[in-house]
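The values are calculated or read from the model by the stated rules, or taken from the named source; none is laboratory data. Predicted model only: the values in this text are computed from it and were never measured. As a convention, Cβ positions derive from the backbone with ideal geometry for all residues, glycine included, and neighbour counts pool all protein chains shown.
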Amino acid sequence: MWVSDKRCYVGVMQVCGRGVLTVVCETDRIRHVGSTIQEAAKQQAEDTLNAFGRTLPVNPYEIARKLGILVDERPLPSGTSGMILQRPQEDPLLWVACNESPQRQRFTAAHELGHYLERTVVHPMPDDNFGFVDSRDTNHDLHEAFADEYASNLLMPETEFRDAWKATGNLIALSGTFGVSMRAVTFRAKRLGLV
């Protein structure tokens, strides 16, 4: 996989019967290993940020486009926030619901990007034919947990989030800084043990 100006190998090794994410970048010989879905998603988000920049608010649309994903806002079925579709021999398609708030659209785009990277980088599929539909009532399986964790870490990187929290301690200000909803900021602050 080519990421920015670095040539990186990303794979999953089996260690004690568990899949462990491994990323090795030839330019810096850094090896990242995570043994849980949360760690794997966080590391993938960090790798994405390191490759494409950490300017806030992070633009998931631009990252998706740089990865060759066609992005569009369109009407989607009721209760559906977004979807990503990869068909054989075609560019992947990422759609977000045009009737949702910009903050929700950004999180959905990052979430769908998480699905794409999980299927193509973290746990590569043997073929290039898959799809995910993100509905508000979707049961949370391991794929959804990875995509949610990836989106949180991509849009609200831990270091930047903690620094912004120390500077303001204001959830409304953080929502604006990171371009996400109050719900997402509150959940992130709780997850990091800040509230």
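Here are a few things to note about the model shown:
- Selection from region 115-141 of residues that are crowded, with 17+ Cβ neighbours inside 10 Å and either of a type in the set (K, R) or modelled with pLDDT of 95 or more (or both): R119
- When residues in region 65-118 are screened for being of a type in the set (F, W, Y) and out of contact with any Lys or Arg (no Cβ under 8 Å at 6 or more places or on another chain), 2 of them pass.
- Between P92, P75, the distinction of being surrounded by 14 or more Cβ atoms within 10 Å (Cβ to Cβ), over 16 Å from D148 (Cα atoms) and not aliphatic (A, V, I, L, M) belongs to P92 only.
- All positions within region 38-88 that are of a type in the set (D, E, K, R) and modelled with pLDDT under 90: R87
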